[in-house]
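The values are calculated or read from the model by the stated rules, or taken from the named source; none is laboratory data. Source: prediction; values computed, not measured. Heads up, the Cβs are rebuilt from the backbone with ideal geometry, glycines too, and the neighbour counts pull from every protein chain shown. The area values use the complete protein model at the heavy-atom level, side chains included, leaving out ligands, DNA and RNA. Shrake-Rupley method; radii C 1.70, N 1.55, O 1.52, S 1.80 Å.
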Amino acid sequence: MRFFALLFFVFLSAGLCAQKVNVSIKVTNKKNEPVPFASFTVIKRNDTLVFQQKNSDSTGIARFMLEKDVQYIIRITSVNYLPLEKGVTATPNHNFFSFIAQDLPKTLQGVTVTSTRPLMRQEDDKTIVDPEPIAAASTNAYEILEKTPGIFDQDGNVYLSSMTPAAIYINGREMKMSRDDVVTMLKNLPPNAISKIEILRTPSAKFDASGTAGGIVNIILKKGVKPGMTGSATAGLQQGHYGNQFFSFNLNNNDGKKSSFVNLNYSRRNSFEEIITNRFFAPDSELSQKAFTKYPGTAYFGGFGLNNSLPKNWDIDYGGSISYNNFNNNTENESAIKKISSDDTITNNLNRVNNNGYALNIRNGFEFTKKLDTIGSEWDNDVFHNFTENNSTQAFSTLYYSPFFIKTGGDGTSDNKRNFFTVKSDLKLKLKRRITVETGVKSSLLGFKSVTNYFNESGGVRTKDIGRTNTFKYNENINSFYAQGSKTIGKNIIVKIGARLENTNMEGRQIIPSDTSFTIHRTDIFPYIYFSKKVMSIAGYELRSYLVYRRTITRPAYDQLNPFPRYIDQYLSEVGNPTLRPQFTTNYEANISVDERPLVAIGYNDTKDIFTNVIYQADSSRSVAYRTYDNLGKNKELYLRGLGVLPPGKKYFFVLGAQYNHNFYEGLYESKPLSFKKGSWTFFTYHQLKLDKRSQITLNGFIRIKGQQQFYELSNFGALNTSINRQFMKQKQLIITLSMNDIFYTNQNDFSIQQGSVKANGNRKSDTQRFGINIRYNFGIRKKEETNDMFNVEPPERN
């Protein structure tokens, strides 16, 4: 640490200056006539915050001072011409560039201007994903994540590099929601509402240290950024064993100073999951279960926002959304306990469970940004509130066929409310000698309350279930401060060093049936070091290496702490653990990218006091178990990731990648020594073929070999998906997409677990094989006075 700190300050004081080249750029039309007064934007490829803007003179030439041997992006726009984007590298012997602008079509109304964008590209310490090709064959945001190369969905969580789930952010804000609530929110979000997806496998000190051990998936929503009024209407369906249907509408308006947007979505979903389990709970006894669950539901979503430019370089941005999801899930579970040696049935029964209710989510955020200069310095302030309510009613019954015919049952209600407030302020200063300083403060407050009332019924007598009736309150306050600085040294090296200080205050209290109060107060520091260097250029492509070190914390979520025992069936319950402690992870990663596209990475995670999902026996007969979370010890994880890309721009484009994870757990399980090693491979791919100017076909999929889910060992499984879309009408406003998910129905797996006194195996499958059709219509309305400069270049996004 001292060496890195010393190295950083040496770099700061060195103030090395890169050699400059005087560059002339000329733009002409197809008749070789100069295009005067065209707008030029020159952007540094490896630092998009650095850009210059000029207009061409009467001869169509604009002149810039550019760094020698550094890659730049040139964007050129002019009245009556299509936008032009090219890449250049200046040298003393190559300092003049000439480009030809294409004429704008005579009919401007409804013109769709397209440019080649890579599906994935590397930008500083994050990977940027363009979701547009995937959205055409998806019905919601969750499906987009499932199909994105390098993002893996399992058990409702999203995984990147490690076996620790990634945190989900919306527009740079952590949602601080349970796994199930995040899934519900993403399934309510329309697929065409997403502008881009940022994958941060090693987030900097600017981001919360909590919950980011597995990285961050930041979903950036579209806003009214195009001039005039534009929008789209999309309808679609997917049919598997059961069907999904959806309709969405979005409208964007931008008059140059103010922009606004509205997103509306309605969806009706239904699917199933079938789990077959064999659990050996005694030397000569086996519990066999076959559970079939249907998940019908209806969802409504409304998103809205307004952005306004104010005097003195202030921008105000408001964004909000409301989503409502109702559900009526039904499970039938056939169970039998047999004596293994004689195959005699000791008991068999049928268990039925119905869960119906609703989930409500309301989000509101205000962002105030002041631009301090023209080179990227800014002061950003953000206030955000997220309210979630989950209300459900559960009814369960068990019909015993042997050894006696008897029926038991019960019912209960659950009401959970959560309020999450955050306020933060971030300052970024772009200084001389290519130094950037960032600092900020943040405070968050989370309040959660759960009230459940349960009853048992047997022989017509209804009594209160004391074990499941519970009232649990949880409050969390986190205050943080961070500071980090970066410097570009020469033409090839970027160094960023920072640290984040977080003060944690957690308080939980179960009031009924007994007091299980706990409090946690602690302050921790989380360092971050980032180093990037150009290695070489191959055939005009820049090969760049990255080294990252960071430390993170994973705090238990409120649903993992809540001691309420959730009824699964008469042999299994889910219960939180109010004694869970936070886990700490130290991460080291080295990776290489080629021309902004990730290529290969190797990393190591060292986690202390790890907590994970476990199964314990609940009684002396060991036929009843409960699923919970517990701190087990430590885990050392090694991961290796590789990615090969055929760049877009021609008829065929593909991404092919692989990832290897090896975990080694050491600790205690049921008070006995634990030593568990497991390695697994995941291969993923994405292909896109342009059949003609209006049609393209995509193919994407993954396969996981010797998979792992906590201590469950999984058989090989995967999925292959395809879609074909075609544009119709003169201006290509209508797009029809046909899709097929899990073509060979291979997204199912066998599983086994053998830890402590728990030994079980089984099979899991769900309604993943589906055929779908999406129909999308794009429209645009622009004022006359806006049409002449509607293609003006916007400054690069500042992140």
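Taken over the range 28-83, the criterion of being in a loop (DSSP other than H, G, I, E, B), aliphatic (A, V, I, L, M) and either surrounded by fewer than 14 Cβ atoms within 10 Å (Cβ to Cβ) or out of contact with any strand residue (DSSP E or B) (no Cβ under 9 Å at 6 or more places or on another chain) (or both) is satisfied by 79 alone.
Please give the number of the condition residue 399 fails out of (1) within 31 Å of the chain's Cα centre (by Cα); (2) open to solvent by 30 Å² or more (accessible area, probe 1.4 Å). Among (1) within 31 Å of the chain's Cα centre (by Cα); (2) open to solvent by 30 Å² or more (accessible area, probe 1.4 Å), residue 399 violates only (1). Any chance you could count how many residues in the range 574-614 are open to solvent by 20 Å² or more (accessible area, probe 1.4 Å) and small (Gly, Ala, Ser)? Qualifying residue count for the region: 1. Being farther than 30 Å from residue 46 by Cβ and part of a strand (DSSP E or B) holds for only one residue in 564, 584, and it is 584.
For every residue, the table says whether it meets (1) of a type in the set (Asp, Glu); (2) crowded, with 19+ Cβ neighbours inside 10 Å; (3) under 30 Å from residue 771 (Cβ atoms).
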position: 230; (1), (2), (3): no, yes, no
position: 244; (1), (2), (3): no, yes, yes
position: 250; (1), (2), (3): no, yes, yes
position: 253; (1), (2), (3): no, no, no
position: 266; (1), (2), (3): no, no, yes
position: 282; (1), (2), (3): no, no, no
position: 302; (1), (2), (3): no, no, yes
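Check the range 635-645 and report whether any residue there is surrounded by 16 or more Cβ atoms within 10 Å (Cβ to Cβ) and not in a strand (DSSP E or B). The answer is no, given that none of the residues of the range 635-645 is surrounded by 16 or more Cβ atoms within 10 Å (Cβ to Cβ) and not in a strand (DSSP E or B).
Results for (1) surrounded by 22 or more Cβ atoms within 10 Å (Cβ to Cβ); (2) modelled with pLDDT under 75; (3) not hydrophobic (A, V, I, L, M, F, W, C), shown as yes or no for each residue.
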residue: 154; (1), (2), (3): no, yes, yes
residue: 161; (1), (2), (3): yes, yes, yes
residue: 169; (1), (2), (3): no, no, yes
residue: 189; (1), (2), (3): yes, no, no
residue: 193; (1), (2), (3): yes, no, no
residue: 198; (1), (2), (3): no, no, yes
residue: 202; (1), (2), (3): yes, no, yes
residue: 208; (1), (2), (3): yes, no, yes
residue: 212; (1), (2), (3): yes, yes, yes
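The residues in the range 708-744 that are in contact (Cβ under 8 Å) with a residue 60 or more places away in the chain, under 22 Å from the mean Cα position of the chain (by Cα) and open to solvent by 40 Å² or more (accessible area, probe 1.4 Å) can be counted, and the count is 1. Where strands (runs of 3 or more DSSP E) fall wholly inside the range 234-307, the ranges with 3 or more residues that are among the aromatic types (Phe, Trp, Tyr) and touching a residue at least 12 places away in the same chain (Cβ under 8 Å) are 243-254, 272-282.
I need the full set of residues from the range 402-413 which are in a strand (DSSP E or B) and either open to solvent by 20 Å² or more (accessible area, probe 1.4 Å) or free of Cβ contacts under 8 Å to residues at least 40 places away in the same chain (or both), in order please. Explain how you work it out, then say what you get.
Kept after step one, since they are in a strand (DSSP E or B), are these residues of the range 402-413: 402, 406-413.
Residues satisfying the conditions are 402, 406, 407, 408, 411, 413.
Looking for whichever is among the aliphatic types (A, V, I, L, M) and assigned to a loop (DSSP other than H, G, I, E, B) here; the options are 724, 753, 743, 736. Which one fits?
On the way: 724 fails: assigned to a loop (DSSP other than H, G, I, E, B); 753 fails: assigned to a loop (DSSP other than H, G, I, E, B); 736 fails: assigned to a loop (DSSP other than H, G, I, E, B).
From the options 724, 753, 743, 736, the qualifying one is 743.
Number of residues in the range 305-325 that are open to solvent by 50 Å² or more (accessible area, probe 1.4 Å) and polar (S, T, N, Q) equals 2.
When 452, 463 are screened for being in contact with a strand residue (DSSP E or B) (Cβ under 7 Å, 6 or more places away or on another chain) and without any contact (Cβ under 8 Å) to a residue 12 or more places away in the chain, only 463 passes. Would the range 9-19 turn up any residue that is at pLDDT 70 or above, over 30 Å from residue 530 (Cα atoms) and either open to solvent by 10 Å² or more (accessible area, probe 1.4 Å) or in contact with a His (Cβ under 6 Å, 6 or more places away or on another chain) (or both)? No.
The residues on offer are 122, 109, and the sole one that is assigned to a loop (DSSP other than H, G, I, E, B) and either at pLDDT below 80 or open to solvent by less than 30 Å² (accessible area, probe 1.4 Å) (or both) is 109.
I'd like to check something: does the range 351-371 contain any residue that is over 30 Å from residue 183 (Cβ atoms) and either surrounded by fewer than 14 Cβ atoms within 10 Å (Cβ to Cβ) or in contact (Cβ under 8 Å) with a residue 60 or more places away in the chain (or both)? For the range 351-371, residues over 30 Å from residue 183 (Cβ atoms) and either surrounded by fewer than 14 Cβ atoms within 10 Å (Cβ to Cβ) or in contact (Cβ under 8 Å) with a residue 60 or more places away in the chain (or both): absent.
Considering only residues that are farther than 16 Å from residue 148 by Cα, of a type outside the set (Lys, Arg) and either open to solvent by less than 70 Å² (accessible area, probe 1.4 Å) or not in a strand (DSSP E or B) (or both), which ones fall in the range 667-690?
Listed by number, the residues that qualify are 667, 669, 670, 671, 674, 676, 679, 680, 689.
Checked against the criterion of being open to solvent by 20 Å² or more (accessible area, probe 1.4 Å) and either out of contact with any Asp or Glu (no Cβ under 7 Å at 6 or more places or on another chain) or within 30 Å of residue 592 (Cα to Cα) (or both), the candidates 491, 496 yield just one match: 491. Restricting 444, 517, 458 to residues that are out of contact with any helix residue (DSSP H, G or I) (no Cβ under 9 Å at 6 or more places or on another chain) and open to solvent by less than 20 Å² (accessible area, probe 1.4 Å) narrows the list to 444. Being in contact with a Leu (Cβ under 7 Å, 6 or more places away or on another chain) and surrounded by fewer than 17 Cβ atoms within 10 Å (Cβ to Cβ), is that true of even one residue in the range 288-298? The answer is no, given that none of the residues of the range 288-298 is in contact with a Leu (Cβ under 7 Å, 6 or more places away or on another chain) and surrounded by fewer than 17 Cβ atoms within 10 Å (Cβ to Cβ). Applying the set (1) touching a residue at least 12 places away in the same chain (Cβ under 8 Å); (2) more than 35 Å from the chain's Cα centre (by Cα) to residue 74 leaves exactly one unmet item: (2).
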